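A quick write-up on the structure given underneath.
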């Protein structure tokens with residue numbers, strides 16, 4: 001029987017998955033809602049992964065040799081093994097590994113054993129990757145995060161609009177944009193924010209880029225401040241750890257061209273910004289291959305050729321690292 005594998009990349013807004021064989025041939029692809037356990041809850045996240053596996057395999061999992069899951073919401077050293085064990089039981093597949101989704105970012109971008117890796121999507125996280133150690137910096141979720149995420153930008157956008165409406169802050173082009181997107185009064189929007197998960201707030205982040213492109217100073221201040229907050233952690237990781245000079249970033253905010261320009265200006269001298277040319281789910285497949293002792297580079301080359309390069313709509317450009 002042919003041995004097949006599944007690579008899963010889970011963000012704060014959606015999950016991308018690929019079913020592939022031992023030669024790296026893509027058998028099926030699927031996109032679903034988030035599987036972040038800190039957004040959905042542990043049991044619902046497991047159920048989401050189970051549904052994804054069933055969809056990819058059309059309910060026949062006997063040929064699946066292993067699953068690798070890189071998802072936001074994996075905090076401690078125990079989270080990954082616990083999540084993997086639950087998926088293993090739910091899907092009836094013995095070999096399952098789960099890590100934070102930043103590992104997909106690294107695998108999708110570089111073969112180097114040293115780099116700084118950061119994800120800024122709905123949430124934000126930074127890792128220092130050394131040859132024999134990976135160290136986390138921030139990524140503790142929207143309540144404790146230091147800025148630089150889609151949630152932070154979206155919150156600042158809403159706050160700027162509300163501030164103008166009540167006269168406590170300067171006029172900004174963000175206000176009509178927020179009102180139009182929300183489809184309700186700003187007063188009602190404030191109440192609505194507390195009824196939704198962080199992805200709802202993050203959905204207002206694109207308005208900052210729209211207003212800044214039109215010359216709005218408040219929107220520019222928001223983007224600069226958040227780029228600076230993200231860069232501060234990236235710089236700190238490079239300063240403290242033996243990570244080399246590559247700074248690999250992913251997520252819908254980090255890979256935005258304008259945000260990338262602002263971010264590059266804030267990076268310490270000598271650091272080089274690297275944006276993966278293929279979706280993070282390809283990194284999940286590479287990590288699955290490594291997990292199973294396969295030729296990971298050959299698998300990546302074959303999977304990338306399966307039209308991922310031309311269809312970067314599958315890139316997790318929305319909600320990574322939402323913890």
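Here is a yes/no grid of residues against (1) on the phi > 0 side of the Ramachandran plot; (2) in contact (Cβ under 8 Å) with a residue 24 or more places away in the chain; (3) crowded, with 23+ Cβ neighbours inside 10 Å:
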{"site": "123", "(1), (2), (3)": "no, yes, yes"}
{"site": "126", "(1), (2), (3)": "no, yes, yes"}
{"site": "129", "(1), (2), (3)": "no, yes, yes"}
{"site": "143", "(1), (2), (3)": "no, no, no"}
{"site": "162", "(1), (2), (3)": "no, yes, no"}
{"site": "165", "(1), (2), (3)": "no, no, no"}
{"site": "183", "(1), (2), (3)": "yes, no, no"}
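For first residues located in the stretch 70-81 and at negative phi and in contact (Cβ under 8 Å) with a residue 12 or more places away in the chain, partners that are assigned to a helix (DSSP H, G or I) and surrounded by fewer than 24 Cβ atoms within 10 Å (Cβ to Cβ) and lie 6+ apart or on another chain with Cβ distances below 6 Å form the pairs 74/80. If the condition is being surrounded by fewer than 16 Cβ atoms within 10 Å (Cβ to Cβ), in contact (Cβ under 8 Å) with a residue 40 or more places away in the chain and assigned to a loop (DSSP other than H, G, I, E, B), then the stretch 23-44 contributes 23, 25.
For the structure I just gave you, tell me whether residue 119 is surrounded by 23 or more Cβ atoms within 10 Å (Cβ to Cβ), part of a helix (DSSP H, G or I), modelled with pLDDT of 85 or more and touching a helix residue (DSSP H, G or I) at 6+ places or on another chain (Cβ under 7 Å).
No; evaluated as a whole, the condition is false for this residue.
The residues of the stretch 92-115 that are surrounded by fewer than 22 Cβ atoms within 10 Å (Cβ to Cβ) and either in contact with a strand residue (DSSP E or B) (Cβ under 7 Å, 6 or more places away or on another chain) or within 21 Å of residue 139 (Cα to Cα) (or both), listed by number, are 93, 95, 97, 99, 110, 112, 114. For residue 105, state whether it is touching a residue at least 24 places away in the same chain (Cβ under 8 Å), assigned to a strand (DSSP E or B) and touching a helix residue (DSSP H, G or I) at 6+ places or on another chain (Cβ under 9 Å). Against the criterion (touching a residue at least 24 places away in the same chain (Cβ under 8 Å), assigned to a strand (DSSP E or B) and touching a helix residue (DSSP H, G or I) at 6+ places or on another chain (Cβ under 9 Å)), residue 105 does not qualify. Residue 168 meets the conditions (1) outside any helix (DSSP H, G or I); (2) more than 19 Å from residue 11 (Cβ to Cβ); (3) touching a helix residue (DSSP H, G or I) at 6+ places or on another chain (Cβ under 8 Å) in every case but one. The failed one is (3).
Within the stretch 184-224, can you find the residues that are over 20 Å from residue 165 (Cα atoms), in a helix (DSSP H, G or I) and over 20 Å from the mean Cα position of the chain (by Cα)? Of everything in the stretch 184-224, those that are over 20 Å from residue 165 (Cα atoms), in a helix (DSSP H, G or I) and over 20 Å from the mean Cα position of the chain (by Cα) turn out to be 213, 224. Using the structure shown, decide if residue 148 is in a loop (DSSP other than H, G, I, E, B) and in contact (Cβ under 8 Å) with a residue 60 or more places away in the chain. So residue 148 fits the description; yes.
The values are calculated or read from the model by the stated rules, or taken from the named source; none is laboratory data. Predicted model, so just to flag it, every value in this text is computed and none were measured. We place every Cβ from the backbone using ideal geometry, glycine too, and count neighbours over all the protein chains shown.
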